[in-house]
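Below is one structure, written out as structure tokens; the observations come after it.
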Amino acid sequence: MAQELSTGNHKLVLLMGGDVQWSLYLRPSTVVFDTPDPADLDWRLSPYLNQGASRALWESLQTAPIKPDHDRFAIRYDLHFSSPQEMIDYPLKRLSPTLHAADVVFFNLETPLSDTARMDGEARTPEAFAGALRNAGASVVTIANNHTFDAQGVGFEDTMRSLSAAGLPFIGGGHNLAEARKAVILERNGIKIGFIGYAQFSNMGEPAFAAEDRSGIVPMDPVLIKEDIRKLRSQVDYVAVSIHWGTDKSGNVSPANRKLAHELIDAGADIILGHHTPIPKGIEIYHGKTIIYSPSHVVIGHNHPDWGDSYLVRLTLGPKRVEKIEILPIAGKGQQLAQPFLLEGAEAQALLRTVRDRTAALDTSMTIQGDEGVISGPFAP
């Protein structure tokens, strides 16, 4: 699909953010399972209620350290809204002016949009949030991520329907694999950028991935991605590949992810839009092309003590090449993650120094100018 605006100064400003998951309800586990003795091969896992005496008995049977429930350390927000509309408009309200100032805004929509679907994971967001995203300035989102099926197949179908009804293009998912692989092409100021999206994993497992006759998201299959890049290359000025990847919860980039990113650039991609990890990672310029490994979260309906500030990436695209990359620090500590805003002063400087160091580890130079980071190349046409 393509959307056009009138031509102007022949530059396109692309703003990229990470994960958006505006779900204030974090579903706790209702059942936990015991760990079988390896000698008891006929013994099946026994479910225990995750409460009261059942939980206490389950804990007493564990011989290995118990991994804390993800829900146990979640930071809940003390928020009160006068209406459902106020609730869905709330999270991006302070960032909206920055989003509207860009020509194209990309996010990873890491939640199903559904009003009725049964929850299987931790998130489910009202369908009206699709319109709120669009009104806040979003231009295109990916639905290829590990939480897309948190409301099962019905929630996935509701998500696609809601986004389409709101006029918000999406990539990375569809009613079958061929549809899910389709690109979204946006044209602004005479410059065309094509988006395609993939996911390394899903909390639902294999059934979440699209097949010839099954709806779902697109796997991070290098063969598929390179095929899609080649098909898209001649249609656009820039090929942007979105990937939900990376399990390293540190500032490091895994060698496997870096190798794949390089392969995709070599195959014809211009920009890699990575996301998933809750720790902001560095940005790499490889052969003059841009790899954003993960800027971390934008909005999440809960927080955790080990999560922190993150950033947006603003790329100025000329007719032939990227001209500048700017790193915009945004707040993400505690309840700030419910309504992030641009950081200033000491907090901005702290985040920028971290990103600068992690970018330097990727053989790329970033400078700090005021409350923003700047990467000025070298960029290749």
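The values are calculated or read from the model by the stated rules, or taken from the named source; none is laboratory data. Note that the coordinates shown come from a computational prediction; the quantities given were computed from them, not determined experimentally. Cβ sites come from the backbone with ideal geometry, for glycine too, and all protein chains shown count toward neighbours.
Scanning segment 118-131 for residues that are in contact with a helix residue (DSSP H, G or I) (Cβ under 9 Å, 6 or more places away or on another chain) and either surrounded by 23 or more Cβ atoms within 10 Å (Cβ to Cβ) or not assigned by TED's automatic domain parsing to the domain that holds Q21 (or both) gives R124, T125, F129, A130. In the set (1) touching a residue at least 12 places away in the same chain (Cβ under 8 Å); (2) under 23 Å from S254 (Cα atoms), L342 fails one condition alone, (2).
When restricted to residues that are modelled with pLDDT of 80 or more, closer than 25 Å to A123 by Cα and part of a loop (DSSP other than H, G, I, E, B), segment 7-62 contains 6.
Within segment 176-191, the set of residues being out of contact with any strand residue (DSSP E or B) (no Cβ under 6 Å at 6 or more places or on another chain) and either among the hydrophobic types (A, V, I, L, M, F, W, C) or in a strand (DSSP E or B) (or both) comprises just one member, A178. Entry remark, segment 231-256: residues being at pLDDT 95 or above and part of a helix (DSSP H, G or I) number 3 in total. Total residues in segment 254-268 satisfying the condition of being of a type outside the set (G, A, S), closer than 27 Å to G308 by Cα and crowded, with 23+ Cβ neighbours inside 10 Å: the figure is 1. Here the condition is being at negative phi, buried (at least 23 other Cβ atoms within 10 Å of the Cβ), in contact with a helix residue (DSSP H, G or I) (Cβ under 9 Å, 6 or more places away or on another chain) and of a type in the set (V, I, T); of I368, I327, it holds for I327 alone.
Whether any residue in segment 195-218 is in a helix (DSSP H, G or I), out of contact with any Ser or Thr (no Cβ under 6 Å at 6 or more places or on another chain) and farther than 20 Å from G153 by Cβ is what I want to check. There is no residue in segment 195-218 that is in a helix (DSSP H, G or I), out of contact with any Ser or Thr (no Cβ under 6 Å at 6 or more places or on another chain) and farther than 20 Å from G153 by Cβ. All conditions in (1) part of a loop (DSSP other than H, G, I, E, B); (2) farther than 20 Å from G17 by Cβ hold for A144, with the sole exception of (2).
Considering E187, E179, E122, the condition of being more than 21 Å from I88 (Cα to Cα) and in contact (Cβ under 8 Å) with a residue 60 or more places away in the chain is satisfied by E187 alone.
Contact list please: Cβ distance under 8 Å, first residue in segment 21-36 and more than 30 Å from T142 (Cα to Cα), second residue of a type in the set (K, R) and modelled with pLDDT of 80 or more, pairs at least six apart or on different chains. Filtered contacts from segment 21-36: V32/R55.
Looking at D115, D78, D150, just one residue is buried (at least 19 other Cβ atoms within 10 Å of the Cβ), among the acidic types (D, E), on the phi < 0 side of the Ramachandran plot and in contact (Cβ under 8 Å) with a residue 24 or more places away in the chain, and that residue is D150.
Among the residues making up segment 283-293, a single one is surrounded by 24 or more Cβ atoms within 10 Å (Cβ to Cβ) and part of a loop (DSSP other than H, G, I, E, B): Y293.
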